[in-house]
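Below you'll find the structure, written out as structure tokens, and then a few comments.
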Amino acid sequence: MVFNVSVWWVGLATIVYFALGAIWYSPVLFMKAWQAEIKKKQSEMSMAGSAMLATLLAILVLVCVEAYLINVTNTTGMALRGAYLGFKLWIGFVGTTAIINNVFQNGSKKLYVIDQGYHLLGIVLAGAILAH
């Protein structure tokens, strides 16, 4: 158990969030637009194992904290409420802090929407899975 949530649900939420990123940043969805916004060509991109591992571990930490919040807010047993909690977490912490970085790094609005759309959907899905 992780904060009263089965370790299997935490694992599933982590895998779903991580796999969503593989699809989100693939040629099927936003790879070309994302690469244009970060001004890198496919030949300049490398899928470093350490970057993927760091991403997986960061998502695992995020999902564990989300499991804790689902437990303390008694959001268990209701996937829709878990998804809504995920939305509120994104809007309150992720979306806002990403805006700060985006503004100071002179990032484009399109890049913000691509990157933060992924995290919004990932956190909402994780919340739904954890609260099931």
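Each reported figure results from applying straightforward, stated rules to the coordinates on display, with no laboratory input. What you are looking at is a predicted structure, and each value in this text was computed from that prediction instead of being measured. Virtual Cβ from ideal backbone geometry, glycine too; neighbours counted across all protein chains shown.
Quick notes
- Shape box of the chain [Cα atoms, principal axes, largest first, Å]: 45, 29, 23
- Taking a span of 30 Å or more along the helix axis (Cα atoms) and a mean Kyte-Doolittle hydropathy of at least 1.0 as the rule, the DSSP H helices of the chain that qualify are 49-72, 109-131.
- Ellipticity at 222 nm from helices only: DSSP H runs of n ≥ 4 in the chain, each -39500 (n - 2.57), divided by the residue count, give -23500 deg cm²/dmol.
- The stretch 1-75: relative contact order as a whole-number percent, Cα under 8 Å and 6+ apart: 57
- Listed peptides 100-111, 68-79 by packing density, highest first (mean Cβ within 10 Å): 68-79, 100-111
- Under the combined filter of DSSP loop state and at most 16 neighbouring Cβ atoms within 10 Å, the stretch 1-105 retains these trypsin sites (Lys or Arg not before Pro): K39, K40, K41.
- Its Kirkwood hydrodynamic radius, worked out from the mean inverse distance over all distinct Cα pairs, puts the stretch 37-96 at 13.9 Å.
- Order of V124, V65, V28 - criterion: other Cβ atoms within 10 Å of each residue's Cβ, fewest first: V28, V65, V124
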